[in-house]
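Report on the following structure.
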Amino acid sequence: MDTLLSNMEFHQTVPEQFVLPPENRVAGEINASVSLPVIDLRGGPHCHVPDRDKLIREVLRAGKEFGFFQVINHGVSEQLMKDIMGVTEEFFNMPKEDKAAFYSEDASKTNRLFSSTIYGKDGPRYWRDCLKLACYPVPETINEWPNKPTKFREVLAKFIVEAREVSMMLLSLICEGLGLKEGYFEGDVSSGQVLINANYYPPCPKPDLTLGLPPHCDRNLITLLLQGDVSGLQIMHQGRWVGAAPIPNAFVVNFGHQLEIITNGILKSVEHRAVTNSGAARMSMAVFIMPTMESFISPAKELTNEENPPLYKSFLFKDFLRIYTDLSAKRVDVMEAFKINV
Ligand code: OGA
Ligand code: NI
């Protein structure tokens, strides 16, 4: 349990296991002249969007150009966004005895608190604590969530339903924009688990030697990320890292591998990473919409033909997950495993 970084707020040194090999360090390479597109969702899933076609074009343009964008005015209330970050912060700030109940180093467990992940064999450790939970459907999962802090379950239950609706709204815009058959994203492909990663990155005395998360693409269909006011998320864009500057109450949206494969590469799953900083603890809450384990994933028929042959293999989602984990989430390797060489 002492292995949780959040049990010790102030770290004076970086233990050797966290020091990255020189070629993987941050090294001031960020492209500060580019920022992520920001899209106004016009009130979100329960609002009538008068200019739906325009909104669809905005989402597709940002999706194709960056694979990453931020959404504002998405319908989840400011209060709820504040509450979910509030209970998450309270969780990580609890005394270590209270956190011990959820701590586990068994990576096969879905619901657990863990820290300092190693990807692959003998790799470096990453500067992050993470609470991972399966959250959907709420009645089937809520009893496994932390019951401390007191409001945790109540707030997460509300948040997850609304965040999922925002994801489904985005998927329906993408579905229509790409000319897929109505409801394409509403079946098995989006009705598996909804996982959250509540991430906590304590201040790090040597940010240039560490990372909070290594470069990776997400394994799922679509991801929403709520971050507080401390920056740290970076996105690969045209060969350079670009920062995702925090916007109050916005969600950062990105596509997982599954959406890239289903759209036959029209929408890309983009590499991202989390850097550390020495000044302030950073928190983020990622919401991952997953296919069901038995879901059959393949490039959509509507998007492939003789001139545009499928670029990716077809598979069951559970098989993808196994291979993704075996390959330590490295984009080039994962894509190589599922690519068809045409
Ligand atoms: C993730 C992730 C980024 C962040 O949890 O998959 O990419 O900013 N998080 O915490
Ligand atoms: Ni991610």
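What follows draws every value from the coordinates through simple rules; no lab data is involved. This is a predicted model, so every value here is computed, not measured. Glycine gets a Cβ as well: all are built from the backbone with ideal geometry, and neighbour counts include every protein chain shown.
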To the nearest 10 degrees, the tilt of helix 52-65 (Cα long axis) against the first principal axis of the alpha carbons of the chain is 60
If the chain between residue 301 and residue 8 were fully extended at 0.36 nm per residue, the gain over the current Cα-Cα distance would be 100.3 nm
Taking only C-alpha positions in the stretch 1-91, Rg and Dmax in angstrom work out to 20.0, 56
Any lysines whose Cα falls less than 17 Å from that of residue 64, other than same-chain ones fewer than 8 residues away, would be 54, 268
Filtered hits (aspartates and glutamates, Cα-Cα < 20 Å from residue 339, offset >= 8 within chain) -> 218, 260, 271, 302, 306, 307, 319, 326
Of the residues 235, 101, 315, the Cα lying farthest along the dipole of the chain towards its positive end, which is defined by charges on the beta carbon of Lys, Arg, Asp and Glu, belongs to 235
Rounded to whole angstrom, the alpha-carbon centroid of the stretch 67-119 lies from that of the stretch 323-337 at a distance of 25
Rounded to 0.05, the calculated FRET efficiency for the beta carbons of residue 314 and residue 186 at R₀ = 30 Å is 0.95
With x for Gly and Pro, the residue-by-residue ³J(HN,Hα) of the stretch 71-77, computed from phi through the Karplus equation 6.51 cos²θ - 1.76 cosθ + 1.60 at θ = phi - 60° and given in whole Hz, is 10, 10, 6, 9, x, 7, 5
Taking a crude spin-label model, label points 7 Å out from Cα along the C-beta direction, the residue 238 to residue 321 distance in nm is 3.8
If every Lys and Arg gets +1 and every Asp and Glu gets -1 at its Cβ, then about the Cα centre the stretch 61-164 yields a dipole, in debye to the nearest 20, of 260
Of all trypsin sites (Lys or Arg not before Pro) in the stretch 35-97, the ones in DSSP coil with at most 14 other Cβ atoms within 10 Å are none
A convex hull over the alpha carbons of the stretch 55-200 yields, per residue, a volume in Å³ of 152
Cross-link reach from residue 151 to lysines, straight Cα distance under 28 Å and at least 8 residues apart if same chain, gives 82, 96, 99, 109, 132
Expected max-MSF residue from 260, 165, 97 in the GNM of the chain (alpha carbon, under 10 Å) is 97
For the chain, inverting the pair-averaged 1/r of distinct alpha-carbon atoms gives a Kirkwood value in Å of 20.6
Between residue 282 and residues 5 or more places away or on another chain, the pairs with built amide H atoms under 5 Å apart involve 201
Length gained if residue 82 through residue 100 is fully extended, taking 0.36 nm per residue and subtracting the Cα-Cα distance, is 3.9 nm
The answer for GluC sites (Glu not before Pro) in the stretch 21-95 that fall in a DSSP coil and have at most 13 neighbouring Cβ atoms within 10 Å is 29
Within the stretch 166-256, DSSP-loop GluC sites (Glu not before Pro) with at most 11 other C-beta atoms within 10 Å are 182
Per the 1/(1 + (r/R0)^6) rule, R0 = 25 Å and r from the Cβ atoms of residue 122 and residue 331, FRET efficiency to 0.05 is 0.75
Computed ³J(HN,Hα) along the stretch 167-183: with the Karplus parameters 6.51/-1.76/1.60, θ = phi - 60°, integer Hz and x for glycine or proline, the list is 4, 5, 5, 4, 5, 6, 5, 5, 4, 5, x, 8, x, 7, 5, 3, x
Longest principal axis of the chain (C-alpha) makes with the long axis of helix 78-93 (C-alpha) an angle, in degrees to the nearest 10, of 40
In debye to the nearest 20, the charge dipole size for the chain, taken about the Cα centre with +1 at each Lys and Arg Cβ and -1 at each Asp and Glu Cβ, equals 240
Listing 172, 314, 167 by rising number of other beta-carbon atoms within 10 angstrom, fewest first, gives 314, 172, 167
